[in-house]
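All remarks here apply to the structure that follows.
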Amino acid sequence: MRDALFAFFGSGAPVAMAAAVVALAGSVVFLRTRNFLYDALALAATKTGFAMLAAALAAGVLWSRTAAGIWWTWDTRLTTALVCGLVYAAYLMLRCAIEEPTERATSAAVVSVFAFLDVPLAAISIAWWRARRTLPPEAAPPGWSTLASWNALAMLLVAAALTVILLRREERRRARDAERRAALTL
Amino acid sequence: MHYFRQVAVVAFKDLRAELRTKEAINASLAFSIVILLLFSFAFDPSEETMREISGGLLWIVFAFAGTLMLNRSFARELPNDCLDALIAAPLPASALFLGKCLANYVLVLAVELVSLPVFGIFYNVHWARQFPELLLVLLLGTWALTIIGTIFSALTVNIKLREVMLPMLTYPILIPALMSAMQLTTALVGGTPIGADNVDSLKMLIGFDIVFTAVSLVLVETVLVG
């Protein structure tokens with residue numbers, strides 16, 4: 001039961017990677033075309049990926065507590081997930097801090113590009129760092145890979161549905177904002 | 001060559017402005033000395049502990065003191081619409097960015113080179129055993145800190161929560177560079193030269209510098225002009 005729960009939520013991490021790729025694509029296309037639909041796509045993908053990553057982190061913490069007895073083993077995947085989560089959390093915070101829509105979309109797109117480039121570098125650094133220290137060996141539930149792949153596929157479909165919902169919501173919010181600005185200027 | 005002259009003009013302008021008032025460099029130096037002092041109160045430094053944590057401690061001090069300086073680099077241009085004047089000036093945005101990066105680089109390096117002897121004095125560490133290689137690691141790591149800090153300083157210059165957003169953006173993205181620099185510095189301060197087990201971290205530092213310098217130079221026009 002515990003292993004099944006861990007496989008279900010822990011497979012959020014590869015889905016978060018896919019979401020990061022979608023967010024990068026959205027950001028780059030936005031910077032080229034300045035079409036706000038792609039900015040909304042980047043935001044939706046980042047929010048979904050971040051939620052998946054948070055679920056994966058919670059699953060990892062709970063699993064390491066029940067299996068290894070400590071709350072945070074400096075497991076490579078867990079630490080990489082935390083670092084990537086922090087990077088994308090900064091993206092989401094930046095979006096909240098800028099009011100003006102065009103400036104917000106442009107700055108957020110730039111940060112998204114930087115964030116995506118940082119992910120592989122961080123993953124490699126953490127793997128090397130871990131190899132240097134003497135730490136408990138990484139453990140995963142038995143039968144992990146087959147369970148994880150099917151769960152990852154399921155989570156991918158859930159994430160795709162969530163992204164579309166968030167995209168529609170962001171588009172509606174933007175349309176409402178545009179109407180409000182037009183009404184204020186009249 | 002005209003491009004590099006423009007870069008030099010911006011760099012010398014910033015350096016001259018900073019060295020005349022010395023506000024940021026004094027604050028940065030004082031901050032780094034205070035952090036070194038606080039860490040010496042935090043635990044009892046024995047010989048082995050010091051050798052293990054020297055890299056981590058030094059780079060935390062450099063990152064925090066450096067961010068103090070980098071925050072000001074574009075924020076200094078806000079009064080009197082100087083930033084608009086610079087953006088409207090007939091020089092490419094990447095030249096403006098590179099000039100500011102170079103000025104920040106020199107200033108942060110100066111703070112670091114003063115903090116190193118202070119570290120040696122407070123913690124009784126012989127840090128100069130592998131000094132040329134330590135200097136190389138300092139140069140590469142400080143360039144990583146400067147490039148990321150300056151591009152995000154340009155990005156956050158007009159935000160009302162600028163002082164909060166800049167560290168929040170910079171530190172997570174700097175994690176690969178900081179980890180490599182910390183590992184190399186710990187080894188070098190401890191006396192072991194850069195060998196087969198350390199050269200990976202050096203390659204990571206160089207790769208990080210190249211990738212993010214390229215991306216910043218491409219994207220700075222978008223950031224500044226919009």
If I filter region B:187-226 down to residues being buried (at least 16 other Cβ atoms within 10 Å of the Cβ) and among the polar types (S, T, N, Q), which single residue comes out as farthest from the other protein chains (Cβ to nearest Cβ)? B:THR213
Give the number of residues within region A:51-81 that are outside any helix (DSSP H, G or I) and charged (D, E, K, R). 1
Of the residues A:TRP72, A:TRP63, only one is crowded, with 20+ Cβ neighbours inside 10 Å and more than 14 Å from chain B (Cβ to nearest Cβ); which? A:TRP63
Please find, within region B:193-226, the residue that is nearest to the chain's Cα centre (by Cα) out of those that are farther than 24 Å from B:GLY99 by Cα and touching a residue at least 40 places away in the same chain (Cβ under 8 Å). B:LEU202
Quick check, is B:LEU91 part of a helix (DSSP H, G or I) and either within 11 Å of the chain's Cα centre (by Cα) or not aromatic (Phe, Trp, Tyr) (or both)? no
Is it true that B:TYR123 is modelled with pLDDT of 90 or more and either more than 14 Å from every other protein chain (Cβ to nearest Cβ) or in contact with a helix residue (DSSP H, G or I) (Cβ under 8 Å, 6 or more places away or on another chain) (or both)? no
Among the numbered criteria (1) touching a Ser or Thr at 6+ places or on another chain (Cβ under 7 Å); (2) within 13 Å of chain A (Cβ to nearest Cβ); (3) surrounded by fewer than 24 Cβ atoms within 10 Å (Cβ to Cβ), which single criterion is violated by B:GLY149? (3)
Which residues, counting only those in region B:24-34, are within 11 Å of B:LEU68 (Cβ to Cβ) and touching a residue at least 24 places away in the same chain (Cβ under 8 Å)? B:ALA24, B:ILE25, B:ALA27, B:SER28, B:LEU29, B:PHE31, B:SER32
Restricting to region B:120-176, and then to whatever is under 12 Å from the mean Cα position of the chain (by Cα) and among the aromatic types (Phe, Trp, Tyr), can you tell me which residue is farthest from B:LEU98 (Cα to Cα)? B:TYR171
Go through (1) at pLDDT below 85; (2) surrounded by fewer than 18 Cβ atoms within 10 Å (Cβ to Cβ) one by one and return the number of the condition A:ALA148 breaks. (2)
Quick one: how many residues across region A:30-50 are assigned to a helix (DSSP H, G or I) and either free of Cβ contacts under 8 Å to residues at least 12 places away in the same chain or under 9 Å from the mean Cα position of the chain (by Cα) (or both)? 8
Consider region B:1-47. How many of its residues are modelled with pLDDT of 90 or more, surrounded by 12 or more Cβ atoms within 10 Å (Cβ to Cβ) and of a type in the set (S, T, N, Q)? 3
What pairs come up if the first residue lies in region A:57-74 and is under 19 Å from A:ARG130 (Cα atoms), the second is in a loop (DSSP other than H, G, I, E, B) and among the β-branched types (Val, Ile, Thr), and their beta carbons are under 7 Å apart, counting only those six or more places apart or on different chains? A:SER64/A:ILE70; A:SER64/A:THR73
Go through the residues of region B:159-175 one by one and say whether even a single one is within 14 Å of chain A (Cβ to nearest Cβ), of a type in the set (Phe, Trp, Tyr) and either farther than 24 Å from A:ALA97 by Cα or surrounded by fewer than 24 Cβ atoms within 10 Å (Cβ to Cβ) (or both). yes
Flagged in region B:73-90 as touching a residue at least 12 places away in the same chain (Cβ under 8 Å) and either touching a Lys or Arg at 6+ places or on another chain (Cβ under 8 Å) or surrounded by fewer than 18 Cβ atoms within 10 Å (Cβ to Cβ) (or both), in numbering order, are B:SER73, B:PHE74, B:ALA75, B:LEU78, B:ILE87
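The values are calculated or read from the model by the stated rules, or taken from the named source; none is laboratory data. What you are looking at is a predicted structure, and each value in this text was computed from that prediction instead of being measured. A quick note on method: Cβ atoms are made from the backbone with ideal geometry, for glycine too, and the neighbour counts reach across all protein chains shown.
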